Amino acid sequence: MTTDPTISLKIRTALAEYLKRDPDRILVTQHLRDDLGLDSMAVIELLYRIEEAFDLQIPDQDLVGLTTVGHVVSYVEKRLGKSAPAAPIKKSGKPLKATKQSKPSKPKSKKKS
Amino acid sequence: MRARVVVTGLGVVSPIGIGISDFWKAALAGQSGITAISSFDPFPMDGYRSKVAGQVRDFAVERFIDSVHGERVDRYAQFGLVAAKEALADSGLQMEKENPHRIGVIVGAGMGGMVMGEREITQLYQQQKPHRVHPNFIPVITLNSASGIIAMAHGAKGPNLTISTACSSSAHALGQALHCIREGRADVVIVVGADASITPLVFAGFCSLRALSSKYNDNPEKASRPFDRLRDGFVMGEGAGALILESAAHAKKRKARVYAEVAGYAATSEAYHMVIPREDGLEVAHTMKLALADAGLTPAQVDYINAHATSTTIGDAVEVKAIRQLFKSRADKIAISATKSLIGHTLGAAGAIGGIASVLALHTGKIHPTANYDDPDPACALAGLSRSAQERRVKVALLNAFGFGSNNAAVVFKQTTT
């Protein structure tokens, strides 16, 4: 599956701005938590930015599959490609060639209420 | 025997300077930090009765804090982070050598994260898009965001508390820190007072209360004039003050420089009215008396009072009445100054910044002027008030702070005997 360079760049730029690093150093293969060091709150902030950038609403049940940059890119492409309600990411076509299919992120909220 | 508590570090963010050195120089010169509010972007000031405030200008947190901590919190907590960082550096405390569970943080804040708070509320009501509320909204507006982020920035794992009693918040933070160390629950407490709510809604709210000065919109420097006959309300300010409180034994062990001792504290309620003080001044006098008794001192020993003095008609007169009741003939021998004449009323930061002025009076023997005390109101006249800086030996200083909700606090500082 080829990724849309515009979408990919937008997402990597958003990440780069958040992480204060060069967009070129953000790779689609990188794991949001393990490689980029985003904690669960930071992932939520990132997705908030992405929702705004692409005028999307990402339902809670879709968060679970978004563990790599590539997952996010592929998810956004999928969502922009069709108008039906979003399917869970795991059903969204071919998986990206992620470096590691590491621990499916169980977003355990560390936040205290 | 209860532990003695001393002040070993100071830090400040204020409308007359960021950093103790600039602040104190400007304060002694009687410099005013009150300026016109140009606009509340995106709408103009036309509809506001008051148009002046003590603003911290050109503040950018990244100039002071080189970590993500600054970006994650609202302006008031950013001020708090900067003041705490300065105070810790000033104290010489090296966190890596300390037991982190013995270092606490107690913050006084009246309004909290109103910059983001107002923005998000406005957007939600205008756009009706609940999913566009920022994910950081709750962590930012939660009133202990400053005490939390300061602890994170320095690895302070001891008691972490936030006191919110409107304008007396950080005087109580000082008092609670005193108790905390006295009782042996911490060796060091980073005490911070912070507020930054010169924001469209909060400012409008204080205007609607008819609490703010409105006659000096064209002459902002003249607007904050405690005890003066022509005062017409307080001027809002913003900022943060930080004081490192430490047990005297701990300070001695690490050979720290000691500014002063925090000797006594009292907290009372007038149980009277949400925003109006009792006009007889009895409760204010009682609060000062209790704080002095807690310090083991008598009214006859007080040399300096950092007055609450917000520049409101009733509040200033009540405070002077209370001072006369308690101190009797000594009232005119005590040096008095109103820090709010210089920086406006910084709400939750006021107690901490007034505390800094008190500690510096003890430490330097200098008392900053009360700006615009041009025509003493007979109801407020005290011989120890001056438009000029005063030099005199101060052995005992008293800090007053009163808050909406019928809330009073007084803190006593004294020269250290060691």
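The values are calculated or read from the model by the stated rules, or taken from the named source; none is laboratory data. Note that the structure is predicted; figures quoted are calculated from it, not measured. Glycine gets a Cβ as well: all are built from the backbone with ideal geometry, and neighbour counts include every protein chain shown.
So here's what we get for this one:
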quantity	calculated
Extreme residue, nearest to the chain's Cα centre (by Cα), among residues of the range B:310-344 that are closer than 14 Å to B:Ala357 by Cα and free of Cβ contacts under 8 Å to residues at least 60 places away in the same chain	B:Ser337
Test: residue in the range B:152-172 that is more than 16 Å from the chain's Cα centre (by Cα), in a strand (DSSP E or B) and in the same structural domain as B:His69 (by TED's automatic domain parsing)	yes
Test: residue in the range B:193-205 that is among the small types (Gly, Ala, Ser), surrounded by fewer than 19 Cβ atoms within 10 Å (Cβ to Cβ) and under 21 Å from the mean Cα position of the chain (by Cα)	yes
Subset of the range A:30-46 that is touching a residue at least 24 places away in the same chain (Cβ under 8 Å), within 22 Å of B:His134 (Cα to Cα) and not charged (D, E, K, R) - its residue that is nearest to the other protein chains (Cβ to nearest Cβ)	A:Met41
Failed item, numbered, when B:Asp218 is tested on (1) surrounded by fewer than 24 Cβ atoms within 10 Å (Cβ to Cβ); (2) out of contact with any helix residue (DSSP H, G or I) (no Cβ under 9 Å at 6 or more places or on another chain); (3) in contact (Cβ under 8 Å) with a residue 60 or more places away in the chain	(3)
Members of the range B:381-393 found to be closer than 22 Å to B:Val284 by Cα and either at pLDDT 95 or above or not in a loop (DSSP other than H, G, I, E, B) (or both), listed by number	B:Leu382, B:Ala383, B:Gly384, B:Leu385
Qualifying residue in the range B:370-377 (condition: more than 28 Å from B:Gly19 (Cα to Cα) and modelled with pLDDT under 95)	no
Complete set of residues in the range A:50-67 that are within 12 Å of another protein chain (Cβ to nearest Cβ) and over 11 Å from the mean Cα position of the chain (by Cα)	A:Glu52, A:Asp55, A:Leu56, A:Gln57, A:Pro59, A:Asp60
Listing of helices (runs of 4 or more DSSP H) fully contained in the range B:234-346 that carry 2 or more residues being surrounded by fewer than 24 Cβ atoms within 10 Å (Cβ to Cβ)	B:248-253, B:282-294, B:313-327
All positions within the range B:119-140 that are within 14 Å of chain A (Cβ to nearest Cβ) and closer than 24 Å to B:Val61 by Cα	B:Glu120, B:Val133, B:His134, B:Pro135, B:Asn136, B:Phe137, B:Ile138, B:Pro139, B:Val140
Single unsatisfied condition, B:Gly92 versus (1) within 26 Å of B:Ile16 (Cα to Cα); (2) away from chain A (no Cβ under 14 Å); (3) over 25 Å from the mean Cα position of the chain (by Cα)	(3)
Among residues of the range A:1-49, those that are among the polar types (S, T, N, Q), in a helix (DSSP H, G or I) and either more than 11 Å from the chain's Cα centre (by Cα) or on the phi > 0 side of the Ramachandran plot (or both), counted	3
Hits in the range B:1-17 (condition: in contact with a Gly (Cβ under 9 Å, 6 or more places away or on another chain) and surrounded by 24 or more Cβ atoms within 10 Å (Cβ to Cβ))	B:Val7, B:Thr8, B:Gly9, B:Leu10, B:Gly11, B:Val12, B:Val13, B:Ser14, B:Pro15, B:Ile16
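Yes/no per residue for (1) within 14 Å of B:Pro15 (Cβ to Cβ); (2) surrounded by fewer than 20 Cβ atoms within 10 Å (Cβ to Cβ); (3) without any contact (Cβ under 8 Å) to a residue 12 or more places away in the chain:
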position: B:Asp41; (1), (2), (3): no, yes, yes
position: B:Gly54; (1), (2), (3): yes, no, no
position: B:Ala77; (1), (2), (3): no, no, no
position: B:Gly80; (1), (2), (3): no, no, no
position: B:Ala84; (1), (2), (3): no, no, no
